[in-house]
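Notes to accompany the following structure.
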Amino acid sequence: MYEYKIGLALVKSLNEKDKGLDERIPFIKSQIRIFNEKSSHSLINPKHIGLGAKGEDDIQITKTTLVITLYTQEELNTPGKAVRLLSQLLITSEDVDNLSDLLLEKKLFRSFKVATTDILDQPKRIIDISAFSDSDLIKALVDFACNSHDFSAKKRNAIDEMKKIAIENELLY
């Protein structure tokens, strides 16, 4: 079983008064259940979106973003395309909470790669990693590694994890 964390951000900008995704959670979950029912019957690659049952991740919703975990039998080249049906269900439903009012030039979502913060005593924040340039990352890594005043276990673990990623991606031999 493969799993993909997919971030979906509204293409349309919302004002403070606009009804966002966070005010439509029951509707969104109902459409995910329909998506799961329809997608589970696929002969090619059955898939479903986790809703917090059976040890699977639940969805995360803010006013303008929806983060899902898509589970598939076969590996996907472009996981974001696998949720087109969900977008259609969210737009075309006859329910009063459908998302058709959130379309911008016939587009509802753009997908993004997801990262989350895990800071004690704070709720997890969803972060769109495409907001950071590669040079921002390199600068932050150099600053982090060169800070000789911080010898914490957290820093050591982070650097060891980065080394592991570098080895797995054949950047270090």
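The values are calculated or read from the model by the stated rules, or taken from the named source; none is laboratory data. This one's a predicted model, so the numbers in the text were calculated from it and none came from an experiment. Cβ sites come from the backbone with ideal geometry, for glycine too, and all protein chains shown count toward neighbours. For the accessible areas, the whole protein counts, side chains as well, though only heavy atoms, and no ligand, DNA or RNA atoms are used. Shrake-Rupley method; radii C 1.70, N 1.55, O 1.52, S 1.80 Å.
If we keep just the residues of the range 66-98 that are part of a loop (DSSP other than H, G, I, E, B) and of a type in the set (S, T, N, Q), which is farthest from the chain's Cα centre (by Cα)?
93
Table: residues versus (1) modelled with pLDDT under 90; (2) surrounded by fewer than 12 Cβ atoms within 10 Å (Cβ to Cβ).
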residue: 23; (1), (2): no, no
residue: 29; (1), (2): no, no
residue: 32; (1), (2): no, no
residue: 44; (1), (2): yes, yes
residue: 66; (1), (2): no, no
residue: 76; (1), (2): yes, no
residue: 80; (1), (2): yes, no
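Kindly indicate the residue of the range 99-116 that is more than 30 Å from residue 133 (Cα to Cα) and either of a type in the set (D, E, K, R) or in a helix (DSSP H, G or I) (or both) and also most open to solvent (accessible area, probe 1.4 Å) among those meeting that condition.
It comes out as 101.
Taking the options 63, 19, name whichever one is part of a loop (DSSP other than H, G, I, E, B), charged (D, E, K, R) and over 15 Å from the mean Cα position of the chain (by Cα).
19
Look through 12, 38 and report the one residue that is in contact with a helix residue (DSSP H, G or I) (Cβ under 8 Å, 6 or more places away or on another chain) and closer than 22 Å to residue 104 by Cβ.
12
Taking the range 89-98 only, how many residues are open to solvent by 30 Å² or more (accessible area, probe 1.4 Å) and not acidic (Asp, Glu)?
Residues meeting the conditions: 3.
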